[in-house]
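Take a look at the structure below.
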Amino acid sequence: MKKSKYLSVVVCALLATAAIAQNKSALAPPAVVSPADKAAIQAFEKQVNEYVDLRNKVRANAPKLSKDSTPEQIHAYRTALEQSLRSARASAKRGDLFRPEAADYIRRTLKIEFQGKDRQQLRETIFETETQGVVLRVNYPYAQTAEFSEMPATLLTKLPQVPKEVRYRFVGRNMLLVDRESNVIIDYMPDALP
């Protein structure tokens with residue numbers, strides 16, 4: 001009896017080890033990041049965090065929603081938040097967060113990730129998303145009628161990290177930073193995809 005339990009434990013351990021080894025081999029090796037790229041990533045992440053801080057201050061001053069809010073009240077809240085964010089960032093323009101150094105790093109990363117036949121499915125997923133009606137304009141909302149192109153987790157791990165209040169989105173070949181709650185386009189980078 002003890003021998004069969006011991007054998008079961010050993011077999012499970014071997015299977016787990018094999019699964020982990022196989023999973024590690026499927027992952028791409030970590031990219032070597034130059035000091036200049038590290039500085040660009042850190043600057044980008046700092047700017048995104050500064051946006052989130054500003055957003056949280058604006059949100060704290062917005063009227064609160066109750067758990068029993070009607071769709072009309074939720075829409076009014078989102079509109080008020082959007083307008084308050086636009087006022088707080090009145091001088092915002094394309095490239096404020098996607099500065100040239102960060103944009104170059106992101107484009108190079110995307111070019112590597114979108115190579116080869118195995119990446120064809122990734123391209124198809126992004127380009128099949130219905131994004132008609134999305135106007136690329138900083139401080140304006142991502143069209144509510146448009147689909148969100150979900151970012152594959154493998155790609156997100158390679159890009160500069162953003163807080164949970166912000167998400168990356170693709171519209172065609174363009175990459176956007178979108179506020180999760182208000183759907184405001186924070187910044188966008190044209191021709192991000194190869």
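Before moving on, here are some points about what is shown:
- Per-residue Karplus couplings for the range 180-190, computed as 6.51 cos²θ - 1.76 cosθ + 1.60 with θ equal to phi - 60°, are listed in order as 5, 7, 8, 6, 6, 6, 7, 6, 8, 10, x Hz, Gly and Pro entered as x.
- Förster radius 35 Å - calculated FRET efficiency between residue 65 and residue 33, Cβ distance, rounded to 0.05: 0.25
- Distant-in-sequence amide H partners of residue 170 (H built 1.01 Å from N, under 5 Å): 149, 176
- Over all other residues within a Cβ to Cβ distance under 15 Å of residue 43, the charged ones net out to -4, with Lys and Arg as +1 and Asp and Glu as -1.
Bear in mind that the values in this text are calculations on the coordinates, not laboratory data. Computed from a predicted structure; not experimentally measured. In this analysis, Cβ positions are derived from the backbone assuming ideal geometry, glycine residues included, and neighbour counts consider all displayed protein chains.
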